[in-house]
Structure formats: structure tokens, C-alpha cells
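Encoded as C-alpha cells, the structure appears first; notes follow it.
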Amino acid sequence: MRCGAAPLGPPQKDVPGDGGTRGRGSGAAPLTPLPAPVLQVMLLGDSGVGKTCFLLQFKDGAFLSGTFIATVGIDFRNKVVAVDGVKVKLQIWDTAGQERFRSVTHAYYRDAQALLLLYDITSKMSFDNIRAWLTEIHEYAQKDVVIMLLGNKADVSSERMVRTEDGASLAREYGVPFMETSAKTGMNVELAFLAIARELKQRAVQLPDEPRFQIHDYIEAQQKRSGCCAFI
Amino acid sequence: MAADVHKKKGWEVPNGSLAPGNGQHAERSESPTPGLAQGTEPGKGQSAGQEGAMFVHTRSYEDLTSPEDGGAVVRSPEERRGEPAEPTSMEQISKDFSELSTQLTGMALDLEEEMRQSQEGKLEPSPQATRHDSVLSGKEEEDVTMDTWRMHRKHVFVLSEAGKPVYSRYGSEEALSSTMGVMMALVSFLEAEKNAIRSIHADGYKVVFVRKSPLVLVAVARTRQSEQEIAHELLYIYYQILSLLTWTQLNHIFQQKQNYDLRRLLAGSERITDNLLDLMAHDPSFLMGAVRCLPLAASVRDAVSTSLQQAKAKSLVFSILLSGNQLVSLVRKKDQFLHPIDLHLLFNLISSSSSFREGEAWTPICLPKFNSSGFFHAHISYLEQEMDLCLLLVSTDREDFFTVSDCKRRFQERLRRRGVHHALQEALRTPFYSVAQVGIPDLRHFIYKSKSSGLFTSPEIEAPYVREEEKERLLGLYQYLHSRAHNSSRPLKNIYFTGPRENLLAWVTSAFELYICYSPLGTKAGAISAVNKLMKWIRKEEDRLFILTPQTY
């Protein structure tokens with residue numbers, strides 16, 4: 001079915017309803033009008049780095065200020081975005097960062113086609129844990145999963161504990177794209193989702209000899225356009 | 001000390017009525033909600049069909065009218081509080097305890113001083129730990145040396161047998177680590193003598209201990225509740241922790257590492273525990289050990305239940321629809337029963353987080369009374385954003401999110417097809433009924449619990465109980481009556497209570513419990529006829545107030 005399926009758990013069952021469209025096979029016949037391709041994205045990272053706020057900013061354009069509300073388990077939401085005029089349905093898993101929810105998070109890693117891995121630029125610890133997260137990802141996620149590293153809370157630069165260069169060099173080491181973001185101001189939030197949506201959509205409908213979509217170049221170009229410089 | 005404690009692992013406080021047996025973790029609950037389970041009626045205790053039989057067990061009426069019957073008339077708690085409560089023994093006890101703590105730990109004599117010390121000699125929390133607290137719990141930690149901290153009506157502490165803080169309702173656990181050390185010292189000291197500390201009563205405070213290895217739970221309360229009831233609340237906190245970790249995991253962790261810092265695993269759950277404590281302070285469900293239903297026309301409820309029943313999946317064990325903290329419908333797998341305590345924990349989980357409002361959550365949850373050794377996986381979602389209607393689908397399979405999510409879709413579809421959506425919406429607009437509907441002028445409020453079904457009904461709390469303190473005071477009165485009625489050494493069947501601001505009457509039979517609160521100007525005779533009339537009214541309305549025909553898949 002899919003390469004690199006995680007070793008744990010029973011084999012992936014076919015899901016009634018949307019099961020058929022979840023895979024990447026749906027792009028096989030580009031000429032007939034298809035239902036919007038469905039892409040699964042998962043938000044990962046330590047507790048309190050702002051995953052839920054990041055998602056809310058993207059979904060509703062709002063920032064949830066006030067007290068911290070820990071996500072319970074994993075949380076599933078949909079959002080339809082347009083990529084080059086084509087509708088793509090993003091199914092987004094927001095996960096709880098706490099240790100006790102790891103097992104349930106692991107169980108859904110392998111369904112995800114893209115992972116947004118967040119740390120908090122004001123927390124050295126959350127950055128230091130990124131390596132552990134990446135190890136886990138390599139263990140449980142699909143081999144060809146799209147990963148993006150995001151340094152969140154870039155708006156609170158006064159409390160910054162992690163330099164942009166450190167984020168960038170870690171990303172380079174693992175060969176994943178990197179950005180600094182702010183769920184509060186909305187900086188780079190939409191870009192992050194759109195970049196992966198574009199990448200995945202491209203993969204889904206890619207013809208064998210078509211040039212590959214370059215997510216790195218795309219992000220760089222988009223950021224240059226918006227005058228932001230927080231990239232490798 | 002720790003080693004000493006370790007040796008006695010498994011030794012339990014012999015608290016017969018509250019602590020579930022030692023082996024409870026291994027077995028299914030013994031007292032499920034049979035009404036939801038076996039199809040019995042809420043009023044069934046009076047054997048359905050015989051209207052007159054409703055009062056078969058009511059020696060009570062004679063009891064009520066004859067004041068010379070010992071327990072029938074009791075004094076108000078205020079009065080009781082005033083009386084000297086064996087001062088000598090009390091002093092002796094508190095003296096003993098302070099000596100004992102010094103002896104054991106070399107720490108301060110009294111709590112106050114102890115607290116000050118703990119502040120000064122506070123362990124340097126690592127930057128990581130500080131962060132953990134400020135970010136994860138999201139609450140402003142109180143300064144434990146301040147008077148405001150000490151003035152809280154009820155403190156709750158959870159610690160490990162190594163004396164490590166696990167949870168404190170107010171103030172940060174770090175600042176309280178030496179206080180908790182003293183608590184553990186008290187517990188171990190008495191255990192060394194093959195004894196158990198259950199409570200300390202002094203200076204208007206009750207300090208109640210519940211020992212559930214590997215945890216110790218302590219409450220310091222200024223409330224009127226009995227020791228038994230405070231211990232009952234502590235047990236709820238214990239079950240709450242189990243629901244996050246399972247009994248098996250909790251024990252495994254401490255077997256591996258006795259001085260494990262459990263807060264690491266419980267991170268982010270402080271809000272859930274806080275919420276449970278707040279709920280218990282104003283929701284009679286916990287006191288009653290029963291669940292309240294959303295008042296709903298039987299036809300609508302049946303349609304909802306049938307829709308739930310049809311939207312099943314192999315891994316589903318319970319489908320629960322709830323609104324606020326009231327049950328709308330519950331469908332269960334055949335032969336599987338849900339205990340009210342487990343349902344309360346689910347209610348609490350949902351009411352403690354606004355994060356379920358959108359999207360679909362999928363979380364592991366242990367239902368400790370059902371089976372404390374494993375996790376279920378719960379799918380939690382609101383049907384519509386503006387509607388206070390939450391669907392909870394409890395599955396045995398962690399991998400089954402999409403299947404269960406599809407059950408939700410199917411349920412909504414069926415609901416729409418049956419056209420009960422509008423009726424549901426109407427019912428949600430008035431989630432509580434007014435006591436005026438009963439038509440008894442002096443009646444202010446009541447709680448009626450059907451024992452066989454594990455369900456209770458109660459009107460909205462109205463004037464004069466408007467302010468929060470007044471509401472809590474009313475609940476306090478119910479708590480008081482409840483504790484007298486269920487006193488393990490001297491239970492009472494009927495209590496007639498005359499207070500300065502209201503009169504109350506409690507009536508406990510094998511089939512039901514009834515607590516009524518009415519005007520202070522009412523007479524006892526008036527109260528009795530009110531009970532008669534009220535019981536008839538409940539009978540008439542029972543198909544709206546209770547779930548009479550529980551469904552299975």
C-alpha cells in the first residue's frame with residue numbers, strides 16, 4: 001500500500017467515506033474532474049510551542065491569547081485551500097505535546113503526508129528536543145513524508161533563546177525546509193501550509209518526466225517577495 | 001522512611017464504604033448504572049404499576065411526625081459547630097502530631113512556620129521546571145506564604161509515597177514540597193505502628209488523608225462536609241489521575257522508580273483536576289453519585305438514542321450524547337456497563353477544555369471503574385459549534401479514528417433524517433426546568449435520585465440562591481443532610497432540618513433518595529404533603545426527566 005508504513009499496529013484499513021481519496025493514487029487521471037485531493041498534515045512539537053495557535057491562525061485568522069489550554073490527545077480538522085486554482089483538502093492533525101499522548105500520536109504518524117515540526121524560539125528546550133522528534137519521525141512516519149521545521153513565536157524576539165541561524169543549520173543538517181513563524185502575527189503561517197500543500201499536490205499529479213516541485217526554492221522565493229529573511 | 005513505606009505497599013486504609021476493594025482494578029465495576037443497563041425505571045424501586053406502593057418503605061412518615069424519634073430532627077450545622085468538640089482530646093491530637101512531625105523529619109512544629117521555611121529553603125527549580133509550570137499549567141501560581149493562600153476553603157494535595165508533590169490545587173507544587181514531606185511523614189509514622197491516619201480535626205479544619213498506593217491524597221478543608229465526603233472527593237481525584245494514566249501504568253512507574261516525578265506525565269492535566277474540584281463544589285452529581293439527564297420529550301430522546309444505536313462500529317463500547325453536564329442519551333454495548341463515576345470523569349474532561357469545541361478530538365482515556373488497567377480511545381466532538389451538544393464515542397481501538405469519525409457522520413445524518421434536530425435545539429434552550437412547574441408554592445428546590453437507574457433530577461437553582469456563595473451554601477446543606485443520612489455508624493432514613501433561612505427534608509429509602517428545600521415558614525406537615533405531591537409530579541414527568549428505555553447496540 002504505502003511504503004514505509006510504521007511497524008506498529010494492524011495494517012491500514014480502508015476507511016468508509018473518504019478512505020479512497022486519502023491516498024495519493026487519486027491523481028492518476030488528471031483529465032476527469034476529481035474531488036479535491038485530500039492531504040494529511042500533522043503538527044508536532046513540544047507542549048506549549050504554539051501548535052494549536054498556529055493552526056487556528058491558519059484556519060480562522062485568529063490568535064488565541066490568554067491562558068494556555070493543553071490539547072487533549074489529537075485533534076482533527078479540515079481546511080480546503082486553493083493551490084494554483086485547484087482545491088486541495090487539508091486534513092490537519094493537531095497533537096498534544098505531552099509525553100502521555102505519544103502512543104496515540106505515533107499511531108497516526110504514518111497516515112500523514114506532511115509534518116510541521118514546531119519549536120518555540122523562546123525555549124531552548126523545545127529546540128533541543130527537535131532532534132528527538134526527528135528521530136521519532138524517522139521511526140514512525142512514512143519514508144517520503146514532507147517535513148518542515150518551524151521556529152514559532154518569532155514575534156517575541158525580546159525573549160529569544162534560539163538564534164535563527166541555529167534553526168537554519170539544524171534544518172540544513174536534516175535537509176528539511178525551515179522558517180520562523182508567528183502564530184500571533186500570522187507571519188509565515190499560511191506560507192507554511194501552502195508550501196506543503198503545493199508540494200504534495202505536485203507529487204500527487206506529477207507526471208514521470210515533469211520537473212520536481214522544489215519546496216525549498218518556493219519558500220525562498222515567497223519569502224523574498226514578502227520581504228522576510230528568516231530562511232536558510 | 002521511604003523504604004518503610006515501600007514495605008507496606010498494598011496496605012490499604014480500611015475505609016469500607018469508600019475505598020473500593022484492593023482488587024478493584026482488576027475487575028469490572030460492581031455497581032454499574034443498572035437503569036441504563038437493565039431497562040429499569042427510575043421510579044422502579046416502588047415497583048412500577050403500583051402507584052400506591054410508592055410509599056411502601058415509608059415508615060418514614062410516622063418518623064417525620066414524631067419528633068421523639070431520635071434522628072428525625074437534627075440541629076443545624078452552625079449549632080453543632082459551636083459546641084465544644086472534646087477540646088482535650090483535640091489538643092492532645094494536634095500536639096501529638098506536631099511533635100511527631102518534628103521527631104520524624106526535624107522540620108517545623110506548625111504548618112505556618114513550616115510553610116515559611118519551605119519558601120526560604122525552596123529547592124532551586126531548574127529553569128526547565130519553572131517553564132514547565134508557567135507554560136503547561138497556564139495558571140498564575142499563588143504565593144503559598146500569603147494569607148490568601150491559607151484562606152482557601154479547600155486545599156487538595158496529591159503526593160507520591162516518596163513524599164514528592166504530584167498536585168496542589170493552589171500554589172506551586174515546588175513551594176509545597178516540604179509541606180508534602182510532612183504529610184507523608186504523618187502517614188508513614190502511623191503505618192509503622194500498624195495504624196492509619198484518616199483525618200485530623202482542629203481549629204475548624206478537617207485534614208483528610210486517603211491512601212491509594214502509590215499515591216497519598218490529602219485535603220485540608222474548612223467546609224461543612226463530613227470526613228467521609230471529603231475522602232470521597234479525594235477518591236474522585238485519584239480516579240481522575242487513573243483516567244489519565246491507568247492503574248497499571250501508575251504502579252509500574254513507581255515500581256521502576258520510587259521517587260519519580262509524576263508531574264511530568266500529568267503535565268497539562270492540572271486544568272482537568274482543578275475543574276473537577278470546582279465542579280464538585282457546586283454540582284450535586286458527585287454528591288449523589290448519579291447522573292442528571294437533560295429534560296427531553298421521550299419521543300425525541302428515543303429518536304436520538306436510536307440514531308446513536310444505528311451509528312455503531314465494532315470497536316464502539318459507549319456512545320454518549322451530553323449537554324453541559326447533563327446526559328442526553330447513552331447507548332452501550334451489550335453487557336458492558338458504565339459506572340456513574342466514569343461518566344462524571346468524562347463529563348469533567350469535556351467541560352474542562354474549550355479545545356473540543358472545534359474539530360474532532362481523539363484521546364486515550366481510562367475509565368477506572370470499568371477497567372483501570374487499560375485505555376479506551378474517545379472521540380470527542382461537538383455536533384454544531386453554537387449548540388451545546390457534545391458527542392462522545394468510546395472505542396476500544398486506538399487505530400479506529402476514521403471509523404469512529406464516520407459513526408459521528410452517520411449519527412448526524414440519521415438525526416437529520418428523523419427531523420428531531422429542531423426539537424433538540426428547543427430542549428437545549430431550556431436545559432433546566434423551574435421548580436415552579438411542580439406547583440408547590442413553598443418548595444424552593446429538590447434533588448431526587450433513583451437508585452436503581454443511577455440517575456437523578458433536580459430543578460434549576462433559583463432565588464433566593466442567586467449568588468455563587470448562596471448556591472454553594474445550598475449544596476452545603478444537601479451535603480450535610482447526605483452525610484447524616486449516609487453516616488456509616490448511624491445512618492438515618494429521614495431528616496427534618498429547620499434552619500434560619502430554609503427548611504430541608506431528606507428521605508432515603510432503598511429505592512430512592514429525596515432531598516427537598518422549602519421556605520423557612522413552611523411547616524413539617526406542609527413538607528410532608530409537598531413530598532407527596534412532588535413524588536406524583538416526578539412520576540408524571542419521569543419519561544421526560546429520566547432515561548427509561550436504555551439502549552444497547
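Computed over protein heavy atoms with a 1.4 angstrom probe, the accessible surface ordering of B:247, B:362, largest first, is B:247, B:362. Structural size metrics of the range B:296-431, computed from C-alpha coordinates, are Rg and Dmax of 13.9, 41 Å. When both the range B:299-356 and the range B:412-480 are represented by their alpha-carbon centers, they are found 19 Å apart. For trypsin sites (Lys or Arg not before Pro), the sites in the range B:432-483 that DSSP calls loop and that have at most 15 other Cβ atoms within 10 Å are B:467. Residues of the range B:367-407 that bury at least 30 Å² of accessible area when the other protein chains are present, relative to the chain alone (probe 1.4 Å, heavy atoms, ligands and nucleic acids excluded): B:398, B:399, B:401, B:402, B:406.
Divide the volume of the convex hull around the Cα atoms of the range B:135-283 by the residue count and you get 115 Å³ per residue. Kindly state, to the nearest 0.05, the FRET efficiency for residue B:194 paired with residue A:138, given R0 = 41 Å and r defined as their beta-carbon distance. Once the sixth-power term is evaluated, E becomes 0.15. Among the listed pairs A:124/B:164; B:333/B:451; B:206/B:449; A:51/A:124, those with a Cα-Cα distance over 25 Å are A:124/B:164; B:206/B:449.
Summing charges over all other residues whose Cβ lies under 14 Å from the Cβ of residue B:356, with Lys and Arg as +1 and Asp and Glu as -1, gives -2.
Taking every residue in A:70-83, how many Cβ atoms of other protein chains lie within 10 Å of its Cβ, on average?
For this peptide, the per-residue mean of nearby foreign Cβ atoms is 6.
Computed from the Kirkwood radius of its Cα pairs, the Stokes-Einstein diffusion coefficient for the range B:231-359 at 25 °C and 0.890 mPa s stands at 148 µm²/s. The Cα center of the range B:522-548 and the Cα center of the range B:248-294 differ in position by 36 Å.
Solvent-accessible surface, computed for protein heavy atoms with a probe of 1.4 Å, shrinks by 40 Å² or more for the following residues of the range B:223-270 when the other protein chains are added to the isolated chain: B:264, B:265.
Pair-distance distribution P(r) for the range B:397-553, from all Cα-Cα distances in 5 Å bins starting at 0: 2, 7, 14, 17, 17, 13, 9, 7, 7, 5, 2, 1, 0 percent. Per residue of peptide A:98-107, the mean number of Cβ atoms on other chains within 10 Å of the residue Cβ is 5. With a cut-off of 12 Å between beta carbons, the residues surrounding residue A:98 carry a summed charge of +2, where Lys and Arg count +1 and Asp and Glu -1. Once backbone amide H atoms are built at 1.01 Å from N, residue B:258 has no partners under 5 Å, excluding neighbours fewer than 5 places away on the same chain. Surface analysis of the range B:179-221 yields an accessible area of 31 Å² per residue, using protein heavy atoms and a 1.4 Å probe.
Taken across both chains, chains B and A shield about 3100 Å² of accessible surface from a 1.4 Å probe. Could you work out how far the C-alpha centroid of the range B:211-225 sits from that of the range A:86-141, in angstrom? Using only Cα atoms, the two centres lie 38 Å from each other.
The string of couplings for the range B:243-252 from the Karplus curve (6.51, -1.76, 1.60, θ = phi - 60°) is 5, 8, 10, 6, 5, 4, 5, 4, 5, 4 Hz, one whole number per residue in order, with x for Gly and Pro.
Report the relative contact order of the range B:411-553, percent, no decimals, based on alpha-carbon pairs under 8 angstrom and at least 6 residues apart.
22 percent
Checked against a 29 Å cut-off, the cross-linked pairs A:143/A:201; A:184/B:312; B:154/B:524 give Cα-Cα distances beyond that limit for A:184/B:312; B:154/B:524.
Sort the following peptides by mean Cβ neighbour count (other Cβ atoms within 10 Å, averaged over residues), highest first: B:430-437, A:178-185.
On the way: B:430-437: 14.1, A:178-185: 22.8.
In descending order of packing, they fall as A:178-185, B:430-437.
Rg/Rh, computed from the Cα trace of the range A:26-156 with Rh as the Kirkwood radius, has the value 0.99.
Database remark: amide H of residue B:317 closer than 5 angstrom to the amide H of B:394, B:395, B:396 (H placed geometrically; neighbours at sequence offset of 5 or more, or on other chains; Pro and chain starts carry no H). Averaged over its residues, the range B:435-545 has an accessible area of 39 Å² per residue, based on protein heavy atoms and a 1.4 Å probe.
To put it simply, the accessible area of the range B:261-363 at a 1.4 Å probe is 49 percent carbon and sulfur.
The values are calculated or read from the model by the stated rules, or taken from the named source; none is laboratory data. Everything numeric in this text was worked out from a predicted model, so none of it was measured. Cβ coordinates were reconstructed from backbone atoms using ideal geometry, including for glycine residues, and neighbour counts include every protein chain displayed. Quick note on the areas: whole protein, heavy atoms, side chains included, nothing else; ligands and nucleic acids left out. Shrake-Rupley method; radii C 1.70, N 1.55, O 1.52, S 1.80 Å.
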